[in-house]
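Beneath this line is the structure, given in C-alpha cells, with notes to follow.
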Number of protein chains: 6
Amino acid sequence: MDRLKQFEEYRHRMNDRIAQIDHLGIKRFFNLDTNAYEDGPLSAKTKELLGLVASMVLRCNDCIDYHILQCVKAGWKDDELFDAFNVALVVSGSIIIPHLRHAVETLDKARERQING
Amino acid sequence: MDRLKQFEEYRHRMNDRIAQIDHLGIKRFFNLDTNAYEDGPLSAKTKELLGLVASMVLRCNDCIDYHILQCVKAGWKDDELFDAFNVALVVSGSIIIPHLRHAVETLDKARERQING
Amino acid sequence: MDRLKQFEEYRHRMNDRIAQIDHLGIKRFFNLDTNAYEDGPLSAKTKELLGLVASMVLRCNDCIDYHILQCVKAGWKDDELFDAFNVALVVSGSIIIPHLRHAVETLDKARERQING
Amino acid sequence: MDRLKQFEEYRHRMNDRIAQIDHLGIKRFFNLDTNAYEDGPLSAKTKELLGLVASMVLRCNDCIDYHILQCVKAGWKDDELFDAFNVALVVSGSIIIPHLRHAVETLDKARERQING
Amino acid sequence: MDRLKQFEEYRHRMNDRIAQIDHLGIKRFFNLDTNAYEDGPLSAKTKELLGLVASMVLRCNDCIDYHILQCVKAGWKDDELFDAFNVALVVSGSIIIPHLRHAVETLDKARERQING
Amino acid sequence: MDRLKQFEEYRHRMNDRIAQIDHLGIKRFFNLDTNAYEDGPLSAKTKELLGLVASMVLRCNDCIDYHILQCVKAGWKDDELFDAFNVALVVSGSIIIPHLRHAVETLDKARERQING
C-alpha cells in the first residue's frame, strides 16, 4: 500500500478508536480542530495553507501530509505551495529540510492521485 | 516610549549592528528573509499572514509584533487576524495563550497608531 | 506592583479583551482549557501538577506562574513541587534551568502570599 | 515482531551499547534519569504520569511508549490515562494528535499484553 | 539496503527534485546551508560538530545522520563525538535519549563503512 | 545596573536558593551540567561553543548570555563567534533573529567589560 493511503487508513482507524474513548474534552478538541479550517472571516482555502505552514515549522510529517492533501483539494497550485514552503524554510531553517523533502514527495504523490483519478 | 516603538527602535539599531559585522552568510540570510515575504506566486499579503501564524505557533513575541505590524500594513482586517490567531491556537494549544494575549495587545496598539496617524 | 500581581492583572485584563473579540473557536478553546483541569478520572490536584510540568518542559514562564499558583491552592507541598521540578529538569535538561529559577522564585512568592494572607 | 517488542529490544540493545561507551557524564545522566522516577516526596506512580505528559507535549513517540508501559505497570487505569492525554492535547494542541494516536495504540497493545500474560 | 545508504539515496533524490522546482528562495537557502559549513573564521571541522549538536538538541534524526557522516569525514574521533553527545544530552535532557541511541547506532555504522572501505 | 550584571546577580542568587532546596536529583543535575563543559576529549573551549550554539537554536536568552560570557573567557574571537552565530541562524532560521540580536548585544557588552577591566 502506498505511503499516503497507509497514513489515511491509520489516521481514520485511530481517530475512530479515539472517538470511541468518549472523553468529552478530547471529542470537543477534535471538533474545534475541524471547525478551525472552515470558511469564516478567512476562507477555508487560506486556513489550510496556514495549517500547512504551521505543520512545517513545527516539523510534524503526519500533519504536513494531511494539510497538503487538504491544500490540493482546496485548489492551491504547485508554485503557490512551493512559495509557502519557502516561507516555512526561511522561518525555521535547515532543521526542517527533511520535512521539506517529505512535503515535496507528498505533494508529488497527491498530484499523481489527481491524474490517476 | 511605548512598547511597539521600543521594539522597532531596538530591532532597527541591532539589525544595523548585525549588518556592520559584515558576515556574508548572515547578510545573505537577512536578504533571503526579506525576499521571502515579497509578491510571488503567493501575494505579499498572504505571506505576511503565514509569517504571523508561524511566529505564533513557534512562540516568538518579537516575530509576532513584526508580522502584526506588517499584516496591518498589508490590509488584513481584525476579524481575519483573529481567525488566523484561532488556527494558531488550535494547532499549538494553550501553551501559546500568553502569546495570543501579546498578539491581541499588539494589534490593538497598531490600530491606535493608524487612528492617531 | 509585585511580579505575580502584575502577571495576574495583565492576564485578567487581556483574557477579558480576548473574550470581547467573540470568536467562537477561541471562546470554546478557553472553555476546553478551563475544563481540562477540573476533577475527572484524575483529580484537579493531579492535573494541575501535570499542567505545571508541561509548562516547564515547554519553557513558558507565564504558564509556569499560573500553574504554580494553582498547585499551591490545590495543596501541593514544596517538597512535592521540587520533586516535580526535578522530573521536568531531567526530561528537558539544562535549557530549562532559567525556567527552574523562575519557578522557584514564583513558588517562594506564592508562599509569602499565603503567610501574609 | 510487534512494535512494542521491537522498541523494547532496540532500546535495551542501544542502552547497553551506550553504557559500554563508558562516558562518565552520560552514565551519570542515565542514573539521574532512572532515579527521577523513583518514590520520593511524589510517588513513582505520579512521576510516571508526569513523564508521560511531558513526553506527549514534547512529541517523542519512543518516550511515550516507554512511559505508557511504565504507567500501566504502576497501575494507572485507562480513563485516568485518557484524562492525562486530554491535558497534553489542550496544552500542546492539534500538532500532537499524531502522538495521541500513537499513545492510544500503544496503550491498547499494552493492555493486550496484560490479558495475554 | 542498509539504513544509512537508504537515507543518502532518498536525500540525494529529493534534493534533486527540490532543485528542479527552481524556486529562487529555496535554491539560495540550500546554497547558504552548504556555505555555512565551509572553512571560515571557524574550521569546517568545528562547524560540522556545531551542526551535529544543533541537530541533536533539536531532535532531528536525518540531520543527525547527515552531520555524523560529515563529522566522521572531517576526522572527529569517537571519544570526541561522545563528548559532544554528552553536551547535547545535558542541554536537552532525557527527551533526546532516543536520538542519542540513533546517533550512536549511526556512528557505529559509519565506522563499519570506514573499515569495509 | 546593566543587563549582564543583573542577569549574573539573579542567576547567582537563584542558584544559591536552588542549592538550598537540597533535592539530590537537582543537585546532581547541576553538577553534571558544570562537568559537561570541562576539558575532556573535547576542550572546554570547544564545548562552550557547542553550548552557545545549542542555546541559540533552542532560543534561550539567559543560556545565550551565560555561554557568551564563557566563550569570551575561553578566548573565542568575535569573527569566530559570528561564524558560530551563522551556523545557528542557518539551522534554526529567522525565528532566532531576535536571539541573534540579543547575542550580538551581549557580546558587545562583554567586550566593553574586557576593555574597562
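Listed values, structure above:
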{"item": "Qualifying residues in the range C:9-20 (those that are surrounded by fewer than 15 Cβ atoms within 10 Å (Cβ to Cβ) and either touching a Gly at 6+ places or on another chain (Cβ under 8 Å) or at the interface with chain B (Cβ under 10 Å from one of its Cβ atoms) (or both)) - the one nearest to A:Lys27 (Cα to Cα)", "result": "C:Gln20"}
{"item": "Pairs where the first residue, in the range E:51-79, is without any contact (Cβ under 8 Å) to a residue 24 or more places away in the chain and the second is open to solvent by 20 Å² or more (accessible area, probe 1.4 Å) and of a type in the set (S, T, N, Q), C-beta under 9 Å, 6+ apart", "result": "E:Gly51/E:Gln70; E:Ser55/E:Asn61"}
{"item": "Count of residues meeting criterion [among the small types (Gly, Ala, Ser) and touching an Asp or Glu at 6+ places or on another chain (Cβ under 6 Å)] in the range D:86-108", "result": "1"}
{"item": "Of all residues making up the range F:29-43, the number that are without any contact (Cβ under 8 Å) to a residue 12 or more places away in the chain and within 15 Å of D:Ala36 (Cα to Cα)", "result": "2"}
{"item": "Residue among A:Asp62, A:Asp39, A:Asp2 that alone is more than 12 Å from the chain's Cα centre (by Cα) and closer than 24 Å to A:Glu112 by Cα", "result": "A:Asp2"}
{"item": "Of the criteria (1) farther than 30 Å from E:Leu32 by Cα; (2) buried (at least 17 other Cβ atoms within 10 Å of the Cβ), which one B:Ile26 fails", "result": "(1)"}
{"item": "Qualifying positions in the range A:64-117 - under 20 Å from B:Met56 (Cβ atoms) and among the small types (Gly, Ala, Ser)", "result": "A:Ala84, A:Ala88, A:Ser92, A:Gly93"}
{"item": "Residue list for the range B:33-47, restricted to those being open to solvent by 10 Å² or more (accessible area, probe 1.4 Å) and out of contact with any Asp or Glu (no Cβ under 7 Å at 6 or more places or on another chain)", "result": "B:Asp33, B:Thr34, B:Asn35, B:Glu38, B:Asp39, B:Ser43, B:Lys45, B:Thr46"}
{"item": "Some residue of the range E:51-65 being farther than 26 Å from C:Asn86 by Cβ, of a type outside the set (A, V, I, L, M) and touching a Leu at 6+ places or on another chain (Cβ under 7 Å)", "result": "yes"}
{"item": "The range F:66-80, subset touching a Leu at 6+ places or on another chain (Cβ under 6 Å) and not hydrophobic (A, V, I, L, M, F, W, C), residue farthest from F:Pro98 (Cα to Cα)", "result": "F:Glu80"}
{"item": "Candidate set: the range E:72-117, residues that are closer than 18 Å to E:Glu48 by Cα and of a type in the set (Gly, Ala, Ser); chosen: the one surrounded by the fewest Cβ atoms within 10 Å (Cβ to Cβ)", "result": "E:Gly75"}
{"item": "Filter result for D:Val72 (within 16 Å of E:Ser92 (Cα to Cα) and among the β-branched types (Val, Ile, Thr))", "result": "no"}
{"item": "Filtered residues of the range D:84-117 (kept if more than 10 Å from chain B (Cβ to nearest Cβ), in contact with a Lys or Arg (Cβ under 7 Å, 6 or more places away or on another chain) and under 23 Å from C:Ser43 (Cβ atoms))", "result": "D:Val104"}
{"item": "Test: residue in the range C:38-56 that is facing chain B (nearest Cβ under 8 Å), modelled with pLDDT of 95 or more and farther than 27 Å from C:Arg101 by Cα", "result": "no"}
{"item": "Checklist (1) more than 30 Å from B:Ser55 (Cα to Cα); (2) without any contact (Cβ under 8 Å) to a residue 24 or more places away in the chain; (3) open to solvent by 60 Å² or more (accessible area, probe 1.4 Å) applied to F:Gln6, failing item", "result": "(1)"}
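The values are calculated or read from the model by the stated rules, or taken from the named source; none is laboratory data. Just so you know, these numbers come straight off a predicted model, no measurement behind them. In this analysis, Cβ positions are derived from the backbone assuming ideal geometry, glycine residues included, and neighbour counts consider all displayed protein chains. The protein model used for the area step is the full one, side chains on, heavy atoms only, and it has no ligands, DNA or RNA in it. Shrake-Rupley method; radii C 1.70, N 1.55, O 1.52, S 1.80 Å.
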